[in-house]
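Below is one structure; the comments refer to it alone.
Computed from the coordinates by the stated procedures, all read-outs in this text should not be read as laboratory data. What you see is a predicted model; the values in this text were computed from it and never measured.
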Amino acid sequence: MKISKYLHSCLVFELDDYKLLFDPGKFSFVEGDVKPEMFADVNAIVITHIHPDHYELEILKSILSLSGAIVITNGQIGADLDKAGIVYTLFEEGTQNFGPFILKAIPVTHELIMDNPLPQMTGFIINGKVLHPVDSMEDKLLDYKGIELLLMVTMAPFANEVTIAGFADKLQPKQILPVHDGYAKGFFIKQRYAAYVKHFDKQGIKFHEVYKVGDSITI
């Protein structure tokens, strides 16, 4: 399974010529380094929640016009897609197969943001190996302690590095792929990722310093 990152939380999972795109939100596209044309060959698009750094309707429309992909999402996003006349697969809990991917959907609680209502949000276990908690660090996710790969928020208005690292310390994944870093310039991301590497190396956890457009790992 190959996982490629397109800034912030925009990810492409690829297996057996099937591509699954997660959260093509505004932060990834705003500076023009990422374009809808990059996703013309995706088979399915997963939208985890309604925040603009994860979901932008016009960007989604552009990708769909190029790819003809199916959309997989929850009811809150679905209500917005209904208004736009976009067909989607409602998937909020349980397990479903999409191509070679087995997705387990988990309702998760978004971390608190100042003066901001919490959205409906769906986390995922992907092929039993990857935990995508999205913007949640709630205790129930510790049921997946020791998982192969954690997609870990690295910077956010709802958390600091001590809180973020503390959650991963308890979860003890074998590897970490950092996400949610679209707030910062490359030099700052590189500096902070070096700090995360130093922290997790002590525990034998591999932290992948992936932040440039299209950089990937394979597990």
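Per residue of the chain, what 222 nm ellipticity follows from adding -39500 (n - 2.57) for every DSSP H run with n ≥ 4, rounded to the nearest 500? Walk me through the numbers before you get to the answer.
Working: 5 runs with 52 residues, N = 219.
That calculation yields -7000 deg cm²/dmol at 222 nm.
When a/c reaches 1.5 or more, the comparison of a/b and b/c decides; with that in mind, is the chain rounded, prolate or oblate per its Cα gyration tensor?
rounded
Extension gain residue 216-residue 197, at 0.36 nm per residue separation less the Cα-Cα distance, in nm? Kindly include the intermediate steps, with their values, before the conclusion.
Numbers: separation 19, 0.36 × 19 = 6.84 nm, distance 1.71 nm.
That works out to 5.1 nm of additional length.
Please go through the residue pairs 83/129; 26/198; 104/170 and name each one whose alpha carbons sit more than 26 Å apart in this structure.
Values: 83/129 35 Å; 26/198 31 Å; 104/170 21 Å.
Among 83/129; 26/198; 104/170, the Cα-Cα distance tops 26 Å for 83/129; 26/198.
Apply the Karplus curve 6.51 cos²θ - 1.76 cosθ + 1.60, θ = phi - 60°, to the phi angles in the range 134-151 and return the couplings in whole Hz, x for Gly and Pro.
Going residue by residue, I get 6, 9, 10, 9, 6, 4, 5, 5, 5, 4, 9, 3, x, 4, 5, 9, 10, 7 Hz, with x marking Gly and Pro.
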